[in-house]
Amino acid sequence: MITVIKKMIGGVPVPGKKELSEKSPIEFAGIPGELVLFMSQHIGAPSVASVKPKDQVKRGQIIAEPGGFVSAALHAPTSGVIKAIEPRYHPVLARMSEAIVLEPDGKHEPAENMSPTASDLDGILPEQIRKLAREAGIVGLGGAAFPTSVKLAPPEDKHIDTYLLNGSECEPYLTADHRVMLEQADKVLFGFRALMKASGVKRGIMCIEDNKPDAIEAIKQAMSSYDGLELAVLSARYPRGGEKQLVHAVLGREVPPPPGLPYDVGVLVSNVGTAYALAEAILTGLPLVERVVTVTGEGVAKPSNFKALLGTPLSYLIERAGGFTGTPGKVILGGPMMGRALKSIDVPVLKGTSGILVLTKEQAVEEPILPCVKCGKCIDACPMGLQPLWISAHAERGLMEEAESFRAMDCIECGCCSYICPAKRPLVQWIKMAKADITSRRKAQR
Ligand code: SF4
Ligand code: SF4
């Protein structure tokens, strides 16, 4: 069954810029001279190292165990020697953080115990899939990096009836998910069916934006071999792929405000990259040691989609994409709407890294911030039905309790309000400040 969906609350029609990299097939980026693997590259407790400096490791060998129930294992992306376990600068946490540093030997030798678990889903039980997802260190590859094995075991009082596989990739410039769906449609659907089996969910809906017609065609063809999978084709509008936005558009269900999650309304949502990673783990035994990363933007010579080993320096990937076209104006980890500007490109690919965007100097010029003209455009654009002008106005003045009363914590940080604001006010930055303050106050009160 195919459903076409156009409705959406709020959002903005951002230029996609997908044409820069969407025709670039996924290429293996190669093995750099050093891989830096952070213990914290997922939501939850950091992993705990199970190797020490000078240990020899092979590709796929476990190098850090999960540090708790909500945590993830870490594996060696290639063979080599452990050079150090030391703090390195973490590009998302924006501080020093413990990492395992691996010096590859160039042999790319696999671990002896790496072998397929099953060749079809009849040969594997739901609990085996959940166990494998945990052992393989799989987390949500859409950016959130939430451990998949935990997602697959929601609390017993939640009655899940639908699984959405998110292939929207609404963030401008990024094309990693697009290429995975186009080039690996069968494996994506295998992984999706594995997610459904592991969670006991019978209804599965594949969700793709209509700006990826070739990927829609590839998925449609692959779907024809299976009963019970549905396809939702959604009109391209940012932030179409936000979990809450997707659940509302496809199923008409409203996810409650934080800490509410899609499972509160009977839904699980995963990203296509996660499904692909799970398929790889089942069919080949390869744990999560690599991912597809888009390296793109007007500031890079040859926008590309790479299969990159986790821990690969971003500088290495940019070089593989032909290097900078001139002096870059800004390098962003992720896309232009939700990504974060980097101070240095000597930081590694993490499990949640979907793209690197290089903007030119001209594109990165910051416009002056003007007073609010009360036009209301930020309110119309907010997909969460918030009043960004009032949250940010209070946060700017340090009035965090007032910002909280305007539902600052419901903000999904999509950036639509800042994007649309004619006065160029950095609304989302102020809202993030308010959220950080409210969170630390709540923690202190516990
Ligand atoms: S869009 Fe900008 S100028 Fe318009 S109301 Fe919101 S903050 Fe004010
Ligand atoms: S207030 Fe938050 S959710 Fe609303 S548009 Fe701004 S960033 Fe997005």
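Is it the case, given these coordinates, that residue 43 is more than 26 Å from residue 182 (Cβ to Cβ), within 21 Å of the chain's Cα centre (by Cα), touching a residue at least 24 places away in the same chain (Cβ under 8 Å) and surrounded by fewer than 17 Cβ atoms within 10 Å (Cβ to Cβ)? Quick ask: steps written out before the conclusion?
Working: more than 26 Å from residue 182 (Cβ to Cβ): yes; within 21 Å of the chain's Cα centre (by Cα): yes; touching a residue at least 24 places away in the same chain (Cβ under 8 Å): yes; surrounded by fewer than 17 Cβ atoms within 10 Å (Cβ to Cβ): yes.
So residue 43 fits the description; yes.
Listed residues 303, 258; which is more than 30 Å from residue 150 (Cβ to Cβ) and touching a helix residue (DSSP H, G or I) at 6+ places or on another chain (Cβ under 6 Å)?
On the way: 258 fails: more than 30 Å from residue 150 (Cβ to Cβ).
Every option except 303 fails the conditions.
Checking residue 72 against (1) within 16 Å of residue 310 (Cβ to Cβ); (2) of a type in the set (A, V, I, L, M, F, W, C); (3) surrounded by fewer than 23 Cβ atoms within 10 Å (Cβ to Cβ), only one condition comes out false. Which one?
Only one criterion is unmet by residue 72, namely (3).
For the range 390-426, give me the residue count where each residue is more than 9 Å from ligand 2 (Cβ to nearest atom), hydrophobic (A, V, I, L, M, F, W, C), out of contact with any Phe, Trp or Tyr (no Cβ under 7 Å at 6 or more places or on another chain) and without any contact (Cβ under 8 Å) to a residue 60 or more places away in the chain.
Residues in the range 390-426 being more than 9 Å from ligand 2 (Cβ to nearest atom), hydrophobic (A, V, I, L, M, F, W, C), out of contact with any Phe, Trp or Tyr (no Cβ under 7 Å at 6 or more places or on another chain) and without any contact (Cβ under 8 Å) to a residue 60 or more places away in the chain: 6 in total.
Let me spell it out: the conditions are (1) surrounded by fewer than 20 Cβ atoms within 10 Å (Cβ to Cβ); (2) at pLDDT 95 or above; (3) away from ligand 1 (no atom under 16 Å from the Cβ), and residue 336 meets all of them except one. Which number is the exception?
With (1) surrounded by fewer than 20 Cβ atoms within 10 Å (Cβ to Cβ); (2) at pLDDT 95 or above; (3) away from ligand 1 (no atom under 16 Å from the Cβ) applied to residue 336, the lone miss is (1).
Only one of (1) under 30 Å from residue 289 (Cα atoms); (2) of a type in the set (S, T, N, Q); (3) within 9 Å of ligand 2 (Cβ to nearest atom) fails for residue 353. Which number is that?
(3)
Surrounded by fewer than 22 Cβ atoms within 10 Å (Cβ to Cβ) and touching a helix residue (DSSP H, G or I) at 6+ places or on another chain (Cβ under 7 Å): is that true of residue 345 in this structure?
The answer is yes for residue 345.
Restricting attention to the range 357-370, does a residue exist that is under 30 Å from residue 102 (Cβ atoms) and away from ligand 2 (no atom under 16 Å from the Cβ)?
Initially, the range 357-370 is screened for residues under 30 Å from residue 102 (Cβ atoms), giving 357-358.
Filter again for away from ligand 2 (no atom under 16 Å from the Cβ), leaving 357-358.
Yes, because at least one residue in the range 357-370 is under 30 Å from residue 102 (Cβ atoms) and away from ligand 2 (no atom under 16 Å from the Cβ).
Condition first: among the hydroxyl-bearing types (Ser, Thr, Tyr) and over 18 Å from residue 178 (Cβ atoms). Now tell me which residues in the range 1-40 satisfy that.
Residues of the range 1-40 among the hydroxyl-bearing types (Ser, Thr, Tyr): 3, 21, 24, 40.
Within the range 1-40, 3, 40 meet the criteria.
Do you know which residues across the range 248-276 are of a type in the set (A, V, I, L, M, F, W, C) and not in a helix (DSSP H, G or I)?
Start the filter on the range 248-276 by keeping residues that are of a type in the set (A, V, I, L, M, F, W, C), which leaves 249-251, 255, 261, 265, 267-269, 272, 275.
Of everything in the range 248-276, those that are of a type in the set (A, V, I, L, M, F, W, C) and not in a helix (DSSP H, G or I) turn out to be 255, 261, 267, 268, 269.
For residue 383, work out the one condition from (1) touching a residue at least 40 places away in the same chain (Cβ under 8 Å); (2) more than 10 Å from ligand 2 (Cβ to nearest atom) it doesn't fulfil.
(2)
I'd like the residue in the range 111-131 that is in contact (Cβ under 8 Å) with a residue 60 or more places away in the chain and closer than 18 Å to residue 189 by Cβ and, out of all such residues, is nearest to the chain's Cα centre (by Cα).
129
When you go through 391, 379, 369, 412 one by one, which is the residue that is within 15 Å of ligand 1 (Cβ to nearest atom) and either under 30 Å from residue 292 (Cβ atoms) or in a loop (DSSP other than H, G, I, E, B) (or both)?
Working: 391 fails: either under 30 Å from residue 292 (Cβ atoms) or in a loop (DSSP other than H, G, I, E, B) (or both); 379 fails: either under 30 Å from residue 292 (Cβ atoms) or in a loop (DSSP other than H, G, I, E, B) (or both); 412 fails: within 15 Å of ligand 1 (Cβ to nearest atom).
None of the other options fit; the residue is 369.
Among the candidates 90, 178, 159, 108, which residue alone is in contact (Cβ under 8 Å) with a residue 40 or more places away in the chain and surrounded by fewer than 14 Cβ atoms within 10 Å (Cβ to Cβ)?
159
The values are calculated or read from the model by the stated rules, or taken from the named source; none is laboratory data. Keep in mind it's a predicted model, so treat the numbers as computed, not measured. Backbone-built Cβ (ideal geometry, glycine too); neighbour counts: all protein chains shown.
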